[in-house]
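Presented below is the structure to which this report refers.
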2 protein chains.
Amino acid sequence: MARPTPCLIVEREALDHNIATIGATLPGPRLRPHVKAFKSTALARRLADAGHRNFTCATVREVEGMAAAGLGDDLLLANEVLDHEQLARLGAIEANITLAVDSEEGVRRAAAAGISQVLIDVEVGLPRGGIAPDLAGRLADQARRHNLEVRGVMGYEGHLMMIHDRVERIARVEKAMSLLLRAAADVGGDIVSAGGTGTYDVNTWASEIQAGSFVVGDAHYATLDHPFRQALFLEVSIISKSPKGWLVANAGLKALGMDHGDPIWPDGDVLFCSDEHTTLAGPAIDGFGLDDRLRLIPAHVDPTIAKHETMWLVDGEETIDEFPIDLRHW
Amino acid sequence: MARPTPCLIVEREALDHNIATIGATLPGPRLRPHVKAFKSTALARRLADAGHRNFTCATVREVEGMAAAGLGDDLLLANEVLDHEQLARLGAIEANITLAVDSEEGVRRAAAAGISQVLIDVEVGLPRGGIAPDLAGRLADQARRHNLEVRGVMGYEGHLMMIHDRVERIARVEKAMSLLLRAAADVGGDIVSAGGTGTYDVNTWASEIQAGSFVVGDAHYATLDHPFRQALFLEVSIISKSPKGWLVANAGLKALGMDHGDPIWPDGDVLFCSDEHTTLAGPAIDGFGLDDRLRLIPAHVDPTIAKHETMWLVDGEETIDEFPIDLRHW
């Protein structure tokens, strides 16, 4: 199978290692993989085959796609939805769906749209969605009055993912989770959903962890003390070579998530990215000629994958499978 | 027509103003609009209707799409292509196509793929594609020996787009273009193609300007002394509101090009973007409630548009047309 460039590739061995590694710490339903990281039902199926059959989603589109792919055993939409049309789409999906709510209006609209299960989203320090811990119990009562089943709480400690000192990371996650557990006691239900790749092994307070990026990795998370391997690369071709000392590759910031900065070229330097080019420099460029291929490590995996139509699973140079990125858009 | 959020909207009045404004300075073929900025044949057709029927493309996919839409009068692929499969695709397109070349290998492969017209791509200071000005004439001779028609030169002064001092901008563009004109004298042909939105009115040396971003604008180019108006916005809905003083909108860095930083909210502050959220703050949030809509200005238009399936043309709040973003991917 010839791979056109630019393209995303996933190294099979690293992927298998990452899935096995997280499963050793978070077996079965202790991990609720977040599909927003990879947006592919084919890749989600690999996680389901490894025993993780409950998934986290960020968009209605992700929930629809997972349900259509037969992966709808237990789908958490870990995000508020207020729009009537989007709620109607959600209510029409044939799957076991739980929606995050953080307001009375959200509760009312969810109930009106035929949603039957919710989690109370609690703010644990990240300035984003989530109700104050003290008010979570009251919102749960309101939800029950609307005949919604309240399965528990969620609270994402996103501001703590990248704390490099492990002792500090544990201490601060414990503090955030104490807020969530207090809310959980008021709310009731079995689920305390939290965490991400950054805190997957230190957040021992949540009943389930919503990690996703660990599956394929990126340059940002690679700076943490984690056992995951880099599995995702952007494969590019050299289209120009200057005697002044640079190479030009045929992909740039339209093929890469750029919010964490430039990609990494393990053999040399990334000078800059433009729309459809990356300029590379350093002694290693002597070893490359026109139309040669090389691999860049994306700085941020989630938005990188969301820019592509497909990922190619490779074993060394050989293409062995394709993961269509079928959960994109909204 | 109900617009789902998040979505890209284009304000009709600003769009019309931008197209009319550039046409006053660069009428007809003096402007060769760069479709990479907006990746939509429907929007390209508006430019063709305004008299600009020659277009610039950055990818094979863009050339294919423009040709299929009947906009193939004169398509310049302003980028090197070395890959045999991509060259075969290019050779198979029924349109008037000109390819940029900057190497002997590129010339050989273009000729072998049935390409008939080229421009010599000249490096004028941006460390990216392009041959040294002194070598351009020799490459043109080689191209002619391969029976390629050499239509002239191109040289993109991308490093000069954002010089805020107009006098300095003019002086440095003149210097860069003197390199290109020297190459043009050696190369022959009628075309001297260069420029972009940043230099559209100061680059008086090129025979045609490859501007694209001016069509809809972004926060980055808005800092220049240009007469263009902001036409493109990301429309989002509020899904959460915290008594601590922030709003959460339902779109983030997967809906925005982030290489130039966060989007701008004209009414207040953007605290940060995450994958599917933007957190907003400032006094103006008091005026917004759950499910209200607001508009963000993307920091960089080209990669923002490339993340979406469609743009909605609006007149105030009313949706009046749709521009499918049909030239995405590679």
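The values are calculated or read from the model by the stated rules, or taken from the named source; none is laboratory data. All of these numbers come straight from a predicted model, not from anything done at the bench. Note that we place each Cβ from the backbone using ideal geometry, even for glycine, and neighbour counts take in every protein chain shown.
What to note about this one:
- From the list B:Pro33, B:Pro6, B:Pro27, the lone residue that is more than 17 Å from the chain's Cα centre (by Cα) and either surrounded by 24 or more Cβ atoms within 10 Å (Cβ to Cβ) or within 14 Å of chain A (Cβ to nearest Cβ) (or both) is B:Pro6.
To keep it simple, each residue is scored yes or no on (1) closer than 29 Å to B:Leu296 by Cβ; (2) among the small types (Gly, Ala, Ser); (3) at pLDDT below 95.
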position: B:Ile170; (1), (2), (3): no, no, no
position: B:Leu181; (1), (2), (3): no, no, no
position: B:Ile191; (1), (2), (3): no, no, no
position: B:Ala194; (1), (2), (3): no, yes, no
position: B:Ser213; (1), (2), (3): yes, yes, no
position: B:Gly217; (1), (2), (3): yes, yes, yes
position: B:Leu224; (1), (2), (3): yes, no, yes
position: B:Gln230; (1), (2), (3): yes, no, no
position: B:Phe233; (1), (2), (3): yes, no, no
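- Annotation: A:Ala2 fulfils all but one of (1) touching a Leu at 6+ places or on another chain (Cβ under 7 Å); (2) over 28 Å from A:Val150 (Cβ atoms); (3) assigned to a loop (DSSP other than H, G, I, E, B); (4) among the aliphatic types (A, V, I, L, M); the unmet one is (1).
- In the range B:103-123, the residues that are crowded, with 24+ Cβ neighbours inside 10 Å and closer than 19 Å to B:Ala206 by Cβ: B:Val118, B:Leu119, B:Ile120, B:Asp121, B:Val122, B:Glu123
- Output for the range B:258-280, where each listed residue is at the interface with chain A (Cβ under 7 Å from one of its Cβ atoms) and part of a loop (DSSP other than H, G, I, E, B): B:Met258, B:Asp259, B:Asp275, B:Glu276
- Applying the criterion of being hydrophobic (A, V, I, L, M, F, W, C) and under 14 Å from A:Lys254 (Cα atoms) to the residues of the range B:304-324, the residue that is farthest from the other protein chains (Cβ to nearest Cβ) is B:Ile305.
- In the range A:63-91, of all residues being among the acidic types (Asp, Glu) and not in a helix (DSSP H, G or I), the one that is farthest from the other protein chains (Cβ to nearest Cβ) corresponds to A:Asp73.
- Of the residues making up the range A:158-197, those that are within 14 Å of chain B (Cβ to nearest Cβ) and out of contact with any Lys or Arg (no Cβ under 8 Å at 6 or more places or on another chain) are A:His159, A:Met161, A:Met162, A:Leu179, A:Gly196, A:Thr197.
- The range A:9-24, residues that are of a type in the set (A, V, I, L, M, F, W, C) and either farther than 25 Å from A:Ala194 by Cβ or surrounded by 17 or more Cβ atoms within 10 Å (Cβ to Cβ) (or both): A:Ile9, A:Val10, A:Ala14, A:Leu15, A:Ile19, A:Ile22
- Among the numbered conditions (1) over 26 Å from B:Leu247 (Cα atoms); (2) surrounded by fewer than 16 Cβ atoms within 10 Å (Cβ to Cβ); (3) not basic (Lys, Arg), the only one that A:Trp205 does not meet is (2).
- Residue within the range B:169-178 that is buried (at least 23 other Cβ atoms within 10 Å of the Cβ) and in a strand (DSSP E or B) present: no
- Condition check for A:Lys254: surrounded by fewer than 21 Cβ atoms within 10 Å (Cβ to Cβ), under 23 Å from B:Ala100 (Cβ atoms) and within 12 Å of chain B (Cβ to nearest Cβ): no
- Count - residues of the range A:274-311 that are within 11 Å of A:Leu8 (Cα to Cα), in contact with a strand residue (DSSP E or B) (Cβ under 8 Å, 6 or more places away or on another chain) and touching a residue at least 24 places away in the same chain (Cβ under 8 Å): 10
- With respect to the conditions (1) part of a loop (DSSP other than H, G, I, E, B); (2) within 14 Å of chain A (Cβ to nearest Cβ); (3) hydroxyl-bearing (Ser, Thr, Tyr), B:Ser240 falls short on a single one, namely (1).
- Filtered residues of the range B:281-303 (kept if part of a helix (DSSP H, G or I) and within 10 Å of chain A (Cβ to nearest Cβ)): B:Asp302, B:Pro303
- Filtered residue count, the range A:41-62, keeping only those that are away from chain B (no Cβ under 14 Å) and either out of contact with any Asp or Glu (no Cβ under 6 Å at 6 or more places or on another chain) or among the aromatic types (Phe, Trp, Tyr) (or both): 12
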